[in-house]
Every structure is written in structure tokens, then in C-alpha cells.
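The values are calculated or read from the model by the stated rules, or taken from the named source; none is laboratory data. If you're wondering where the values come from, they're calculated on a predicted model, not measured in any experiment. As a convention, Cβ positions derive from the backbone with ideal geometry for all residues, glycine included, and neighbour counts pool all protein chains shown. For accessibility, only protein heavy atoms count, side chains too; no ligands or nucleic acids. Shrake-Rupley method; radii C 1.70, N 1.55, O 1.52, S 1.80 Å.
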Amino acid sequence: MPSTIPCLLLSFALMSTSAVAEVALTATPLSREQVTAFYLARGFPAAAIAAYAENCVLSFDFKNGGATKLHTNLDEWTAGDGVRIRPLAAWETVWEQQQLPQAARIAFRWAQFPPQQEFAPGDWIMGMAATDRPLAGPFRVAARYTDDHGSHELLTAPIACID
Amino acid sequence: MLAGLALAPLLARAQSGGMTALAERPPAPPLALPDLDDQQVDLAAFRGRVVLVNFWATWCPPCRKEFPSLGRLQKLFEPGQLAVLAVNVGEDADTVFAFTGATNFPVLLDRRADALRRWPVKGLPTTYGVDKAGRLALRAVGGREFDDPAVVAQLKELI
């Protein structure tokens, strides 16, 4: 049975943490400058990473503090009014077409939040992801996960992209 | 650095806790890579010992935080009992050594991420405990303190 658990914070913030049943998600918007600097240092040309940085880039930190394993699928996460997370594979296709250095592409791949992930109790992971388009104004992230009891949704407090 | 992306507060959270015991113990995928001295290191040569295989990168904040604990863990065991292998993903020797300095365990370079693709890893850091028969016995997704008593006890059970 799907369940939605809204966070109690009402004002938007730079970072938002939402938790239910010891499962926690933190979503932190990153500025274009932060994102650009990180990937330039990994070997990306500025023009290439601009396409990624101009969307809303979020750093996710997801922790399974519960007692059973769970699964996440970024395809089932949305920001604001149903805006999807752009799939990692879409970015990797662009980087390949642009013939970016392999080291840069490897760093990009492994700096992203995993498209699908199994979290055993105690597991946690952090990684970046970009929305499919820029978002204006405060928005919430709805993050779905599944466990033995069904499908659940974490809903963050409002956050906002950083220019 | 990702560490500078307003993420430091997230890492204040304790990285302690045990690893997940794998119900089935599949054979560990092949792992043969050069170390920082360009000497080839093959996981197969460690058969008969417990091995902790850690996949990491210097730009990964939880990887950086847990890295010192790998050395502390190695000190708790005789080398003939347990070996630590830290597999860096996608970076060159100079970049890696600038972070690690000298270590009491091998740091391997998976420059093209070819070895990583053969292992069941979807995010960094991910760490596996390989038993004496060369099977995947323990897994940790996300940072840990590997000298945490819970982890040490799990590894001792494999010896």
C-alpha cells in the first residue's frame, strides 16, 4: 500500500531531510558554480558540463536505518510538479557522443546517485542527480522506495535550486 | 571537490555499523590490477586469507572518511589472516597517492573501471568481505568505520 509522509518543515531550505521508519533522504541543491568546479576538476570541458549544471543538480543522501532491505529506483523519483530525474544513461550517451575523456566519464558515472540500488539495513549512499529541466521556485522531492511491506514515498520539505 | 559541495554536514553522521552478511556466497569476480608501484596484484593469490575489497575514489567524501579505518583494520589482523585491498576507480597514480600517501595495504588502480564493472557495485564506496574460499561473504554500501567492533567481529568469523 503506497504511503506518503510529508515532512513537517513548511519553509523552503537549502537542504531538506525527510525520514520515515528510520529511512532518511537528504536533498541538497548544488549551485552551478559548485557543480561546474567539481566536474572541471574531473576533466570535463566547461561547455560540456554546462548542459548538466544548468538543470537543478541535487545531492542526495539516502540511508536505510531500518531493519529490512529496501530498493530505490531513480526513475520513480520526481521533483516539484512531476519533473523527473534525467536518467544517467541519457547523460552517458551525450558524453560518449562528445567523446569526453574516459576518466571524466568514469568520475561522472560514479558521482551520480545510483539509478537502482538495494540498501541492506545500515547501508547508505550519496550522489548527484539532475532534474530533467530547471525548476523555478521552491519544490519538494518525492522519493519512492520499496520494501517487504510495499511501496513508500519520502517527501522532502521545500527546497530551491541555486543559481 | 564533492567534499566542498555543502555536504560536510552529512558526513558528521557516524559511519559506524556492521556489514551485511550475504546469504548466498557467490564467487568473487576476477580482480587483478596494478598497485601504486605498478606491481600487479591478483585477488586470486590471496586464497586462504580473508580479504576486504574496498572500491573508492578520492573525490568521494564517504570514501575519504572511511579510508583511514582500512589501515587501522589491517593493524588488528596478522597479514596472513586478513588482507585489505583498496581499489581506486578511474584516477591516476599521482592523484591517488596525493591522498593516500604510504599505506599498510595495497592500493590498486582500476583506471578504466573495467574491474569495477565485473563486481556487483552500483555506488561508491562499496566494500566486500571475501572469505578464505574466494567467495563474497559480506557487503557494505556506503561509508563505514572498518575498525568498528561489529565489522571486526564479522571478519574474525570468516577466519
* Structure fact -> Hits in the range A:126-163: amide N under 14 Å from the 7 Å Cα→Cβ extension of A:Ala90, namely A:129-135
* Structure fact -> Looking only at lysines whose Cα falls under 17 Å of B:Lys156's and that sit 8 or more positions away or on another chain, we get B:Lys75, B:Lys132
* Asked: Remind me, relative contact order of chain B in percent, using alpha carbon pairs under 8 angstrom and six or more residues apart?
  -> 36
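Restricting attention to the range B:20-96, which GluC sites (Glu not before Pro) occupy a DSSP loop and are surrounded by at most 12 other Cβ atoms within 10 Å? Each step should come with its number before you reach the end.
On the way: sites: B:Glu24, B:Glu66, B:Glu91; in loops: B:Glu24, B:Glu91.
When the GluC sites (Glu not before Pro) of the range B:20-96 are filtered for loop state and at most 12 Cβ neighbours within 10 Å, B:Glu24 remain.
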* Got a sec? Charge dipole of the protein assembly as shown, +1 on Cβ for Lys and Arg, -1 for Asp and Glu; which of A:Met126, A:Ile162, B:Pro149 is way out at the positive end? -> B:Pro149
* Asked: How far is helix A:88-97 tilted off the main Cα axis of chain A, in degrees rounded to 10, range 0 to 90?
  -> 10
* In debye, nearest 20: dipole of chain A around its Cα centre with unit charges on the Cβ of K, R (+) and D, E (-)? -> 300
* Give me the percent of the accessible area of the range B:16-158 that comes from carbon and sulfur atoms, probe 1.4 Å, all protein chains in place. => 50
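For the range A:3-155, calculate the relative contact order in percent as a whole number, restricting contacts to Cα pairs under 8 Å that are 6 or more residues apart.
Details: 285 pairs, mean separation 49.8, N = 153.
So the answer I get is 33 percent.
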* To do: Largest first and in whole Å, give the semi-axes of the range B:97-159's equivalent ellipsoid, each being the square root of 5 times a Cα gyration tensor eigenvalue.
  => 21, 17, 12
* Structure fact -> Restricting to lysines and to Cα separations under 22 Å from A:Lys63, and discarding same-chain partners fewer than 8 apart, the set is B:Lys65, B:Lys122
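May I ask you to give the solvent-accessible area per residue for the range B:16-158, in square angstrom, as obtained with a 1.4 angstrom probe? Don't skip to the end; give the middle numbers.
Working: 5840 Å² over 143 residues.
With all protein chains present, the range B:16-158 gives 41 Å² per residue.
Show me you know the interface measure: the accessible area buried between B and A, both chains summed, probe 1.4 Å, in Å² to the nearest 100.
Using a 1.4 Å probe, the pair buries roughly 2700 Å².
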* **Where N is the number of residues in the range A:39-111, Cα Rg divided by 2.2 N^0.38 Å** => 1.30
* Go through the range B:17-49 and flag every residue whose accessible area shrinks by 20 Å² or more with all protein chains in place compared to the isolated chain (probe 1.4 Å). => B:Thr20
* Structure fact -> Under the Karplus relation with 6.51, -1.76 and 1.60 and θ = phi - 60°, whole-Hz ³J(HN,Hα) for the range B:50-58, x at Gly and Pro, equal 7, 10, 9, 10, 10, 9, 7, 8, 5
* To do: Mind listing, in residue-number order, the residues in the range A:33-67 that have at least 10 Å² less accessible area with every protein chain present than in their own chain alone (1.4 Å probe)?
  => A:Gln34, A:Phe38, A:Arg42, A:Ser59, A:Asp61, A:Lys63
* Rule-of-thumb Rg ratio for the range A:3-155 [Cα; 2.2 N^0.38 Å; N residues] -> 1.05
* Radius of gyration, Dmax [chain B; alpha carbons; angstrom] -> 14.6, 43
* Asked: Just which residues of the range A:94-138 lose 50 Å² or more accessible area with every protein chain there, against their chain alone, with the probe set to 1.4 Å?
  -> A:Gln102, A:Ile106, A:Trp110, A:Asp123, A:Trp124, A:Ile125, A:Met126
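Over the range A:3-155, what percent of the accessible surface lies on carbon and sulfur atoms, probe 1.4 Å?
Working: 3550 of 6450 Å².
Roughly 55 percent of what the probe reaches on the range A:3-155 is carbon or sulfur.
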* Work out how far the C-alpha atoms of the protein assembly as shown reach from end to end along every principal axis, then list the three figures in whole Å, largest first. => 58, 44, 29
* To do: Rank-order B:114-125, A:140-151, A:27-38 by packing density, defined as the average count of other C-beta atoms within 10 Å over each peptide's residues, highest first.
  => A:27-38, B:114-125, A:140-151
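Order the peptides B:74-83, B:100-109, A:114-123 from the highest to the lowest mean number of other Cβ atoms within 10 Å of their residues.
Details: B:74-83: 14.7, B:100-109: 17.3, A:114-123: 19.2.
Per-residue mean Cβ counts within 10 Å order the peptides as A:114-123, B:100-109, B:74-83.
Could you provide, to the nearest whole Å², the per residue accessible area of the range A:3-155 with probe 1.4 Å? Kindly include the intermediate steps, with their values, before the conclusion.
Working: 6450 Å² over 153 residues.
About 42 Å² of surface per residue is accessible.
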